[in-house]
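Participant: Please read through the structure below; I'll follow up with questions.
The values are calculated or read from the model by the stated rules, or taken from the named source; none is laboratory data. Just so you know, these numbers come straight off a predicted model, no measurement behind them. Reconstructed Cβ throughout: ideal geometry from the backbone, glycine too, with neighbour counts over all protein chains shown. For accessibility, only protein heavy atoms count, side chains too; no ligands or nucleic acids. Shrake-Rupley method; radii C 1.70, N 1.55, O 1.52, S 1.80 Å.
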Amino acid sequence: MTDTIPDHYDLLVRGGTVIDGTRSPRFGADVGVRDGRIVAIGDLSAGTAARTIEAAGRIVAPGFIDSHTHDDGAVLADPQMICKISQGVTTVVTGNCGISIAPLDPDTPRPMPLTLLAAEGPPAPPAFRHFADYMAALRQAPASVNVAPMVGHTTLRVTTMARLDRAATPAEIAAQQDLLTEALEAGAIGISTGTYYPPAAMASMAEVIEVCRPLTGSGAVYVTHMRDEAEGCVDSLNETFEIGRALEVPVVISHHKLHREANFGKSAVTLPLIRAAMACQCVALDCYPYNASSTMLHTEEAKLQGRVRIATSGSHPEQAGRDLADIAAEWGLGLVEAAERLQPASAIYFSMDEGDVRAILAFDETMIGSDGLPIGEKPHPRLWGTFPRVLGHYSRDLGLFPLETAVWKMSGLTAKNFGIARRGTIAVGNHADIVVFDAATVRDTATYDTPCEPAQGVDAVIVNGVLTWWQGAHSGAREGRVLSRGI
Ligand code: ZN
Ligand code: CU
């Protein structure tokens, strides 16, 4: 072995404890990096390095992959991506919940929830008429994180249909198929749907299957914010499985959860159902570690039950961080009227059972995804806190699962499910995406009141071999790549 180990490295992470992202037990080793790759793992004390990171007493893990993001616009507008880098995230999967920033014409109106992809109000985010244009823009102006982009079904609908409150015609379905094919040829890793949301809700299962035909045999995945995460959750799971079988593609259930008190505890039903489906087809799922959700501010009475807190409001930005009920009372309005007046807006909904959140997180194959919305000053704290919260609160403090499992849920498992090659594990030959953290102190500090706070206990974050985050500061490096399918 010794003669194959190079003795000079660009970067040497020395004396740490490696948790390699495969769920194997930790082991002590140095990790040597050269030309952006991991080139050696073991006792490298004989080697020299341009830069050495002392990692004694620290965990050395694969850079985390955020399986569920809405960072499509943020990676261009805010390329340092401190909200993610500071957590140890080195790759973001974009284009979730049916909404992607491309392909969109500049003059196409953007109904909710597409507005979640960029800061509220003007100026509008850039428009990319072709998916390849978005990929090119990212390559030209790289972010600090790698981007694995998906195309959104809602975006395809918005782009091809004059009216969204009806089924797509055969011609519109064909146009959406063409755009999907184009996105796949440009390297999109999958398509996402958000049939829960009004612009996509009128697409039946049959319509979704037809639009997604080009996925079959492509190696790309079908990812879904399901039609119903409340009373109809079981039906929605079955719809998702059926779509996967019809297209013969892997499916990913986004941010699995059970909304509303009437459904508390139903993870005891949904998780065995998911387990059973996994025996016959490829099924994956992700989850964020909080019992409050966040998305557009709804204007239907039924969706405003329970505590609703305003995250952003384009028309009344000063109301961010306040409860809808308080605002409505102050204005002398009902909840629906107040919600209408706050538009365009996003909100935080305290509508889940902590027991379900823990059961879903602890389910073996659940990946970690933040679902963070990078807009406004009072976003849901999951944008900044998801990964350290799983490592600190759920794994270490509550003992929900071992640290090896936590790391796997945010790296190796995710790379496997999304077909992201040579990332997600600490292995010789892999791209050098690495995070160094202190297992004893790592924790989230972002709260609902102060949501934009970086993690504690994350010492170093390396992206494609370049130190990007070190002791609480960004190095300025923007070494992220566009991860297209199969690369
Ligand atoms: Zn969603
Ligand atoms: Cu989402």
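Participant: When DSSP beta bridges are limited to those with both residues in the chain, what percentage is antiparallel, rounded to the nearest 5?
Facilitator: If we restrict to bridges inside the chain, about 55 percent are antiparallel.
Participant: Enter the accessible area per residue of region 301-346 (Å², integer; probe 1.4 Å; all protein chains in place).
Facilitator: I get 46 Å² per residue for this part.
Participant: So, one more: Given the protein chains as shown and a 1.4 Å probe, how many square angstrom of D228 are accessible, to the nearest 10?
Facilitator: Around 50 Å² of this residue is reachable by solvent.
Participant: Then there's this: How far is the Cα center of region 162-211 from the Cα center of region 216-243, in Å?
Facilitator: For region 162-211 versus region 216-243, the Cα centre distance is 14 Å.
Participant: So for each of 306-315, 204-213 I average, over its residues, the number of other beta carbons within 10 Å; can you give me the resulting order with the highest mean first?
Facilitator: 306-315, 204-213
Participant: For region 47-200, report the translational diffusion coefficient in µm²/s to the nearest whole number, using Stokes-Einstein at 25 °C, 0.890 mPa s, and a Kirkwood Rh over Cα pairs.
Facilitator: Once the numbers are plugged in, D ends up at 147 µm²/s.
Participant: Right, something else. Relative to the first principal axis of the alpha-carbon coordinates of the chain, what is the inclination of helix 170-186, with its axis defined by its Cα atoms, in degrees from 0 to 90 and to the nearest 10?
Facilitator: Rounded to the nearest ten degrees, it is 10.
Participant: Once the Cβ-Cβ distance between C280 and R129 is put in as r, and R0 is 41 Å, what FRET efficiency do you end up with, to the nearest 0.05?
Facilitator: So the FRET efficiency works out to roughly 0.55.
Participant: Highest mean first, what order results for 92-103, 41-52 on Cβ atoms within 10 Å?
Facilitator: Ranked by mean Cβ neighbours within 10 Å, highest first: 92-103, 41-52.
Participant: Next question. Over the Cα atoms of the chain, what is the Rg over Rh ratio if Rh follows Kirkwood?
Facilitator: 0.96
Participant: If you average the sequence gap of Cα pairs under 8 Å that are 6 or more apart and divide by the length of the chain, what percent do you get for the contact order?
Facilitator: Averaging sequence separation for qualifying contacts and normalising by length gives 21 percent for the chain.
Participant: Around K257, what is the net charge, scoring Lys/Arg as +1 and Asp/Glu as -1 over all other residues with Cβ under 11 Å from its Cβ?
Facilitator: -3
Participant: Work out the charge dipole of the chain with +1 on the Cβ of Lys and Arg and -1 on the Cβ of Asp and Glu about the Cα centre, then indicate which of G372, A473, G63 is farthest towards its positive end.
Facilitator: Of the options given, the answer is G63.
Participant: Sticking with this structure for a sec: Summing -39500 (n - 2.57) over the DSSP H runs of n ≥ 4 in the chain and dividing by its residue number, what mean residue ellipticity at 222 nm do you reach, to the nearest 500 deg cm²/dmol?
Facilitator: Computed ellipticity for the chain at 222 nm equals -7000 deg cm²/dmol.
Participant: Next up: Ranked by accessible surface with a 1.4 Å probe, highest first, in what order do E337, E54 come?
Facilitator: Final ranking, largest accessible area leading: E54, E337.
Participant: Rounded to the nearest 10 Å², what accessible area does V269 have for a 1.4 Å probe in the complete protein model?
Facilitator: Roll a 1.4 Å probe over it and V269 shows about 80 Å².
Participant: Quick check: with the 1.4 Å probe, what order do H153, H393 take by accessible area, largest first?
Facilitator: H393, H153
Participant: Taking the mean number of other Cβ atoms within 10 Å as a proxy for protection, how do you rank 344-350, 181-187 from highest to lowest?
Facilitator: 344-350, 181-187
Participant: Can you give me the solvent accessible area of K378 with a 1.4 Å probe, rounded to the nearest 10 Å²?
Facilitator: 60 Å²
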